[in-house]
Amino acid sequence: MFLNTLKKTGGAIFLAALVLLVSIPAAADDFKIGTERIKSGSLFSGYLDVPEKDGLSTRIPYTVIHGAKKGPVLVLVAGVHAYEYPPILALYRMRDAIDPKALKGTVLIVHIANLPSFKRRTIYFGPDDWKNLNRVFPGDPQGTMSQRIAAVLNEEVVKRADVLLDMHCGDGNEALIPYSYWMISGNKKLDAKSRDLALAFGLPYLIIDETRGRDPKDSKYLGNTAILQGKPAVTTEAGYLGLTDEESIARNVQGAWNVLRHLEMVPGEPAPAVDPVWIDKYEVVNSKWDGLWAPKVEMGYYVKQGQVIGTVTDYLGAWKEDVKAPFSGILLYVIGTPPCNAGEPLFEVGRIKEK
Ligand SMILES: [Zn+2]
């Protein structure tokens with residue numbers, strides 16, 4: 001009798017617990033980053049510290065929007081190149097617009113990955129070591145400033161990601177049309193996910209990029225670092241010449257929302273690019289000279305193999321070279337300001353994939 005009652009009560013309690021479990025939507029666990037623990041359904045902004053070395057330190061401003069419901073961790077990174085402003089400005093708008101109570105999953109925003117470069121207004125390179133942050137991943141915690149920033153981004157950001165967008169644009173000197181790099185890893189399943197991500201972001205040109213290295217210890221690029229850890233990732237480029245034009249900011253905002261919808265973290269359908277142009281080969285043409293660059297063709301124009309894209313002169317005004325397109329295609333970007341240095345880009349041509 002006693003045992004029966006216990007069984008009955010136990011059963012009732014078990015049933016009640018089951019009903020309770022079913023009726024409460026799954027709340028996500030705390031999100032951990034740095035020394036913080038962020039509660040589900042809340043937003044937190046703070047800094048990741050980059051350890052001091054040789055008297056130099058910095059920090060990385062970020063926001064976590066930790067949704068009330070469980071879902072993927074989407075990482076959005078701006079400012080790896082910190083003279084690329086539209087993605088930076090777009091992600092502050094995203095911070096203000098995403099409602100943690102309605103969000104499924106977690107959005108981790110890195111607002112300005114390379115703060116030393118932002119403060120000193122440098123293109124390409126960090127001002128402390130003159131290294132390109134997007135060539136030193138996965139970084140080195142004992143290395144120079146750029147290498148230490150990369151190491152913190154890898155440990156605290158990439159490793160927490162399920163999906164990553166590395167958001168760039170034309171640097172302060174680059175006139176660039178909007179495109180995304182679809183980085184191929186050779187893993188078909190992963191590559192299909194990255195492809196869908198690139199399509200969802202919605203930029204009109206998509207580069208099929210098979211040039212990235214496969215060594216996780218020398219991943220070089222932030223996006224490639226994520227991919228080599230098995231996470232779908234895309235590098236996006238929308239904006240140019242250090243401008244803060246509304247059209248470019250809006251493209252980045254729209255792209256981020258599209259990806260949130262694509263991952264079903266917020267309701268609604270993404271608006272992918274209509275009939276995007278696929279680029280199956282690209283080449284960045286570098287200068288052989290220090291001097292001055294004068295482009296003759298604007299970004300987005302179709303060029304023929306051998307066509308002169310611009311001219312280099314030396315510091316005394318003497319002609320050095322007419323620089324030509326290596327093959328026919330579209331001018332994805334062209335340097336739009338006079339300084340040119342040996343070994344640095346002048347323009348990028350992309351070959352249109354035949355349908
Ligand atoms: Zn960049």
Enumeration of residues in segment 266-275 that are modelled with pLDDT of 95 or more and either open to solvent by 80 Å² or more (accessible area, probe 1.4 Å) or closer than 19 Å to Cys169 by Cα (or both): Pro267
Residue satisfying all of: in segment 249-267; among the charged types (D, E, K, R) and on the phi < 0 side of the Ramachandran plot; farthest from the ligand (Cβ to nearest atom) among these: Arg261
All positions within segment 78-116 that are within 16 Å of the ligand (Cβ to nearest atom) and more than 21 Å from Asp245 (Cβ to Cβ): Val110, Ala113, Asn114, Leu115, Pro116
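Residues checked against (1) under 15 Å from the mean Cα position of the chain (by Cα); (2) among the polar types (S, T, N, Q):
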residue	(1), (2)
Tyr92	yes, no
Leu103	no, no
Ile112	yes, no
Ser117	no, yes
Gly126	no, no
Trp130	no, no
Phe137	yes, no
Asp140	no, no
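So which of Ile123, Ile109 ends up being open to solvent by less than 70 Å² (accessible area, probe 1.4 Å), farther than 24 Å from Lys159 by Cα and hydrophobic (A, V, I, L, M, F, W, C)?
Details: Ile109 fails: farther than 24 Å from Lys159 by Cα.
Criteria check complete, one pass: Ile123.
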Of all residues in segment 227-248 being touching a residue at least 40 places away in the same chain (Cβ under 8 Å) and more than 16 Å from the ligand (Cβ to nearest atom), the one that is most open to solvent (accessible area, probe 1.4 Å): Gln229
Any chance Arg160 is open to solvent by 10 Å² or more (accessible area, probe 1.4 Å), within 16 Å of the ligand (Cβ to nearest atom) and farther than 17 Å from Pro270 by Cβ: no
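Say we look at segment 165-180 and pick out the residues that are open to solvent by less than 10 Å² (accessible area, probe 1.4 Å) and in a strand (DSSP E or B); which of these is nearest to the ligand (Cβ to nearest atom)?
His168
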Lone qualifier among Leu316, Leu331 - being within 14 Å of Glu298 (Cα to Cα) and either assigned to a strand (DSSP E or B) or without any contact (Cβ under 8 Å) to a residue 60 or more places away in the chain (or both): Leu331
Pro138 vs. criteria within 16 Å of the ligand (Cβ to nearest atom) and either free of Cβ contacts under 8 Å to residues at least 24 places away in the same chain or buried (at least 21 other Cβ atoms within 10 Å of the Cβ) (or both): no
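Could you list all residues from segment 334-353 that are free of Cβ contacts under 8 Å to residues at least 60 places away in the same chain and open to solvent by 10 Å² or more (accessible area, probe 1.4 Å)?
Those that are free of Cβ contacts under 8 Å to residues at least 60 places away in the same chain and open to solvent by 10 Å² or more (accessible area, probe 1.4 Å): Pro338, Asn341, Ala342, Gly343.
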Any hit, segment 272-294, residues being farther than 20 Å from Tyr205 by Cα and in contact (Cβ under 8 Å) with a residue 60 or more places away in the chain: yes
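The values are calculated or read from the model by the stated rules, or taken from the named source; none is laboratory data. Predicted model only: the values in this text are computed from it and were never measured. Neighbour counts run over all protein chains shown; Cβ positions are idealised from the backbone, glycine included. When the accessible area is computed, the model is the full protein with side chains, heavy atoms only, and any ligands, DNA or RNA have been set aside. Shrake-Rupley method; radii C 1.70, N 1.55, O 1.52, S 1.80 Å.
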